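Notes to accompany the following structure.
The values are calculated or read from the model by the stated rules, or taken from the named source; none is laboratory data. Remember, predicted model here, so these are calculated numbers, not experimental data. Don't worry about glycine lacking a Cβ; one is built from the backbone with ideal geometry, like all the others, and counts go over all protein chains shown.
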Amino acid sequence: MANRLSSDTLEAQFGPVTIAILSQTDQHRIIATRMVATGQVLEYTEVSFDPAGIAAYPQVHQQIRAGTMMGKAFRAAGVDFVRETRSTDRQATLTPEQAKLFGVTATSLGTQVKLDVFVGPHHTHYAHLIELYSPVVTWPDMLSTASQ
């Protein structure tokens, strides 16, 4: 499962997914990844972009800001993309707002993954992400390895 994107995992379980940008500036964004077939939210992600990564890959960054999924934008540009997981919490307590977003009860638990994204031949830091997955998502056991 070398360098598997979160969208790869979601699409394997639920079919095609798309993102909805909930909030965005040049250096931050919040997105919800939704199942195309039903619109159900599967993932809520907070992204902090690194200015050095933006400067190194401005064209890819503009595609991402326009709504292309991060990993897919770098893949399409032929740029190496590596997810390095810092932590995984498979029993993350959802806030009432997150439970409502996922369409689950307030007592449901999600999976939270904190990771960094490095790109290109110089392993340039591009972004820090906090991903929160709906309780309906089964995340692979391999998630905690370094090359996701």
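Residue-wise test of (1) more than 17 Å from the chain's Cα centre (by Cα); (2) surrounded by 20 or more Cβ atoms within 10 Å (Cβ to Cβ); (3) among the polar types (S, T, N, Q).
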| site | (1), (2), (3) |
| --- | --- |
| A37 | yes, no, no |
| D50 | no, no, no |
| V60 | no, yes, no |
| Q63 | no, no, yes |
| R86 | no, no, no |
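Looking across A106, A127, A99, one residue alone is in contact with a Phe, Trp or Tyr (Cβ under 7 Å, 6 or more places away or on another chain), of a type outside the set (F, W, Y) and at negative phi. It is A127. In region 14-29, the residues that are of a type in the set (A, V, I, L, M) reach residues that are surrounded by 13 or more Cβ atoms within 10 Å (Cβ to Cβ) and not in a strand (DSSP E or B) with C-beta atoms within less than 8 angstrom, at least six apart or across chains, in these pairs: V17/S7; V17/L10; V17/E11; I19/G67; I19/M69; I21/G67. Just for region 65-76: of the residues that are among the aliphatic types (A, V, I, L, M) and buried (at least 16 other Cβ atoms within 10 Å of the Cβ), which one is farthest from the chain's Cα centre (by Cα)? Step by step, filter region 65-76, then rank; the result is A73. Residues that are surrounded by 13 or more Cβ atoms within 10 Å (Cβ to Cβ) and within 17 Å of E46 (Cα to Cα) within region 11-20 comprise T18, I19, listed in sequence order. For region 103-124, state whether one or more residues are within 21 Å of F14 (Cβ to Cβ) and surrounded by fewer than 13 Cβ atoms within 10 Å (Cβ to Cβ). Within region 103-124 (the criterion being within 21 Å of F14 (Cβ to Cβ) and surrounded by fewer than 13 Cβ atoms within 10 Å (Cβ to Cβ)), the answer is yes, since at least one residue qualifies. Restricting region 83-130 to residues that are at pLDDT below 95 and acidic (D, E), the residue that is nearest to I21 (Cα to Cα) is E97. Among the residues of region 100-123, those identified as closer than 26 Å to R65 by Cα and within 18 Å of the chain's Cα centre (by Cα) are L101, F102, T111, Q112, V113, K114, L115, D116, V117, F118, V119. Scanning region 51-72 for residues that are in contact with a helix residue (DSSP H, G or I) (Cβ under 8 Å, 6 or more places away or on another chain), among the polar types (S, T, N, Q) and in a helix (DSSP H, G or I) returns a single hit, Q63.
Pairs linking a residue in region 60-76 that is closer than 22 Å to T9 by Cα to a residue that is among the aromatic types (F, W, Y) and surrounded by 19 or more Cβ atoms within 10 Å (Cβ to Cβ), with Cβ atoms under 7 Å and 6 or more positions apart or on different chains, are G71/F81; F74/F81; R75/F81.
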